[in-house]
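Below is one structure, written out as structure tokens, with a few remarks after it.
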């Protein structure tokens, strides 16, 4: 479903955040992306929907060359890729419902957006998605009135509104209480298993990786250093991914 | 070594202090700081006089009863002169000692039987009839006064007069003319500031997005699109102007058929616009439509735009005629009718530029899409050839337009210099740029627009509205309208800066998230940018209103209407008590505004 070939990103000439990363993801897989901070996890995920323009290489999603897409094509690609962020990235001053509805913007005619209008079906759908993440009664509240865990669930509902084929989750639990991590991860798992949505999720904790991921991609210094099953990460591989001084916790 | 370092440091310090001394000495000289003047007794008297006046603003007054008493006098003494008639002791009279004197001599004037406890001037009236004030008299409880004054150097053979004028307050105090005038002008001032802020904000909000780097940086366009855009923009402007003109004449004809029909036309065109746009702008589109469908939709939108023009012109005409009718019927509230007619006229005035701009930028947008499609379909060499050709033509057009502007300003009257050469240079530059760039390269259009907006607003902001109003006073005449225009222009420039800085400092996260959903640039602005900038925009608008109220109090100094004009007049005529009233009014308004704006700002956030 997703093919990544020789993906390279240079922010400044010579300083590479990603170097020649290639891998394929079949439909419905739950892929964990691991690595130290600054290893290129975020850059990799953002290159897939071109929030960051890759310097070279190719991303192909369902036969569409994302890297060569023009503005209109990119819009159609992006609306099939939901994204969940470490800092939730909700619009604080807007209502929870509006934040969820924003997931439909890729489908909505810009002229309708000018009047701040969404089709009634979308509004109904947004309420349903909020019910699904257990926040049905919060629809009218301002987004910044919610707790961190609730905000992330709104973020997931927004991604679901896109009717996605794939969800990119960039450290979805890193700025939450560790005890809340599983609740958020379970939503992602549910979406992956029940709806057959492919998930690419960058994670810090290896126990979460073991618990949820079908496959692990590990980056170190922008290079792909491991691609395999979670259980295959032994101590030697662990040191290769996280460096010699790293020690396992948990 | 170390010691020398310390010594060096002290030396540098010493030289620095000396230098500072010289700078301040020179500063004292050029600003003419003069402590002798401050201590001069005469100057101090003047200061006290003006301070006393300023603390007695002329707000209320009484109706006055005036008592005039004359006493004839010969200056200088005449030997043949008849003795002055004996004063009538039953009424008020004055005794002069001596009865005649040389010009410039001192005399003593004693008054009897005057109204008690009054003050007033003691004047000398030469044959010409003018009043020369010699002093101020003050009657005691018995109506008696004694004053020694110096005669003016006016000699005459005829009898001249000493005249005492005393005034008594009658009835209740009431607002003086000056207070009423001040009230009228302060109202004018507050509304001047309100209108300037409103107009300024209306223009600054959309323009500020063009001056926000974080939004504009991403706007790029292929070379072909840019070249096409430059070429079609004037065509679009022409078409827009033509459309506005012809639709206006149609609207005039319709207006001639009666107002009932105008209303019907308004309703019908409104409904048609709604129906057609419903069809041409479907809420959701899963698959991109074919070319034929897109062309049909664009055509439908053009029809909607024309209908919109018709509706606006009809609305304007209706408002003008209804307003004029109401103006004559509503007596006291006639200004509401005038306002309605004014709004109609403003609408009619604004439809033309809006039509021109929409059509110009619409066509530019369309040509941009065309360019995009072309480079996707054509091979790289073909694109390059097209780029060079169109780049040359567009460069020529652009430079010729700049040349024409220069010609219009400086009136050189040499077309080869102002049109021929720029066109040639532009063509060469455009072609060269296209040849040097890769065929499918994108140009940073957003950066260019950003820099142009920034530069223009910086230049405008550097010119104070007090200076701008001079130009506007020449254009629309001295008065508050010129003040509104000058303040509005300055408001636009400053608010663009303040607003755009707020846009640049919004949180990038939501922006990224909305972009990731596949939102277009417009949708990203509406759903990620606007919610974040509303509180700072309100706060800055209030702040600007505050500034405009203060500015509008002095913009009258330069012919911009408002209370400043009155204040300046009174200061120039040395009516310090009147000026004090205006200063007091300004202080009250500014303090109230300050309180109001901070209260409203607190609510907005």
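Once you've got the GNM for chain A with C-alpha springs shorter than 10 Å, pick whichever of A:152, A:86, A:141 has the biggest mean-square fluctuation.
Result: A:141 has the largest fluctuation of those listed.
Kindly identify the stretch B:287-409 as rounded, prolate or oblate by the Cα gyration tensor criterion: order the square roots of the eigenvalues as a ≥ b ≥ c, call it rounded if a/c is under 1.5, otherwise compare a/b with b/c, prolate if a/b is larger, else oblate. Walk me through the numbers before you get to the answer.
On the way: a/c = 6.25, a/b = 1.97, b/c = 3.17.
Taking the square roots of the gyration eigenvalues as a ≥ b ≥ c, the stretch B:287-409 is oblate.
With bins 5 Å wide starting at 0, give me the P(r) of the stretch B:63-175 over every alpha carbon pair, in whole percents.
2, 12, 23, 23, 18, 12, 6, 3, 2, 0, 0
Tell me the angle of helix B:421-436 to the major Cα principal axis of chain B, expressed in degrees between 0 and 90 and rounded to the nearest ten.
The angle comes out near 50 degrees.
Show me B:481-493, B:89-101, B:546-558, B:217-229 ranked by packing, highest mean number of other Cβ atoms within 10 Å first.
Values: B:481-493: 25.5, B:89-101: 14.4, B:546-558: 24.0, B:217-229: 21.6.
For the peptides B:481-493, B:89-101, B:546-558, B:217-229, the packing ranking is B:481-493, B:546-558, B:217-229, B:89-101.
Among B:51-60, A:226-235, what's the highest-first ranking by average C-beta atoms within 10 angstrom per residue?
In descending order of packing, they fall as B:51-60, A:226-235.
What does the helix-only formula give at 222 nm for chain B: each DSSP H stretch with n ≥ 4 adding -39500 (n - 2.57), the total divided by the residues, and the result rounded to the nearest 500 deg cm²/dmol?
Calculated from helices alone, the mean residue ellipticity at 222 nm is -23000 deg cm²/dmol.
What's the average, rounded to a whole number, of partner chain beta-carbon atoms within 10 Å of each residue's beta-carbon in B:359-370?
What the average comes to for B:359-370 is 0.
Within 10 Å of each Cβ in peptide A:81-92, how many partner chain Cβ atoms are there on average? Round it to a whole number, please.
Values: counts 3, 2, 5, 2, 5, 1, 5, 3, 10, 4, 13, 5.
Taking the mean over all residues of the peptide, I get 5.
Angle check, please: helix A:178-195 long axis (alpha carbons) against the longest principal axis of chain A (alpha carbons), in degrees 0 to 90, nearest 10.
Tilt of helix A:178-195: around 80 degrees.
Distance from the Cα centre of the stretch A:101-135 to that of the stretch A:1-69, in angstrom?
29
Using only the Cα atoms of the stretch A:91-163, each taken as one equal point scatterer with no solvent, compute I(q) by the Debye sum, divide by I(0), and report log10 of the ratio at q = 0.26, 0.27 Å⁻¹.
Log10 I(q)/I(0), no solvent term: -1.20, -1.27.
Give the separation of the Cα centroids, the stretch B:127-191 to the stretch A:163-238, in Å.
The distance from the Cα centre of the stretch B:127-191 to that of the stretch A:163-238 comes to 95 Å.
Determine the shielding of peptide A:229-237 by partner chains: average, over its residues, the number of Cβ atoms on other chains within 10 angstrom of each Cβ. The partial results should precede the final answer.
Working: counts 0, 0, 0, 0, 0, 0, 0, 0, 0.
Per-residue shielding by partner chains comes out at 0.
With a ≥ b ≥ c taken as the square roots of the eigenvalues of the C-alpha gyration tensor of the protein assembly as shown, please select rounded if a/c is under 1.5 and otherwise prolate if a/b is larger than b/c or oblate if it is not?
prolate
Which percent, to the nearest 5, of DSSP beta bridges fully inside chain B are antiparallel?
95
If you build the Cα gyration tensor of chain B and take the root of 5 times each eigenvalue, what three semi-axes come out, in whole angstrom, biggest first?
Over the Cα atoms of chain B, the ellipsoid semi-axes are 71, 36, 25 Å.
Would you kindly work out the equivalent ellipsoid of the stretch B:486-598 from its C-alpha gyration tensor and give its semi-axes, the square roots of five times the eigenvalues, largest first in whole Å?
So the three semi-axes of the stretch B:486-598 are 44, 14, 7 Å.
Divide by every residue of chain A the summed helix terms, -39500 (n - 2.57) for each DSSP H run of at least 4, and state the resulting mean residue ellipticity at 222 nm, rounded to the nearest 500 deg cm²/dmol.
About -10000 deg cm²/dmol.
Can you tell me the 0 to 90 degree angle between the C-alpha axis of helix B:177-210 and the longest principal axis of chain B, rounded to 10?
Compared with the principal axis, the helix lies near 20 degrees.
Shape of the stretch B:354-406 from its Cα gyration tensor (a ≥ b ≥ c, root eigenvalues): rounded if a/c is under 1.5, otherwise prolate when a/b > b/c, or oblate?
Numbers: a/c = 6.08, a/b = 1.32, b/c = 4.62.
Oblate is the answer for the stretch B:354-406, as a/c is 1.5 or above yet b/c matches or exceeds a/b.
Over the protein assembly as shown, what is the percentage of antiparallel beta bridges among all DSSP beta bridges, to the nearest 5? Don't skip to the answer; put the middle values down first.
Numbers: 57 of 75 bridges.
Beta bridges within the protein assembly as shown, antiparallel portion: roughly 75 percent.
Based on the mean of other Cβ atoms within 10 Å per residue, sort peptides A:205-216, A:53-64 so the most packed one is first.
A:205-216, A:53-64
Quick note: the coordinates plus some simple rules give every number you see, no bench work behind them. Since the model is a prediction, treat every value here as computed from it, not as a measurement. Quick reminder, even Gly has a Cβ in these numbers, built from the backbone with ideal geometry, and neighbours come from all protein chains shown.
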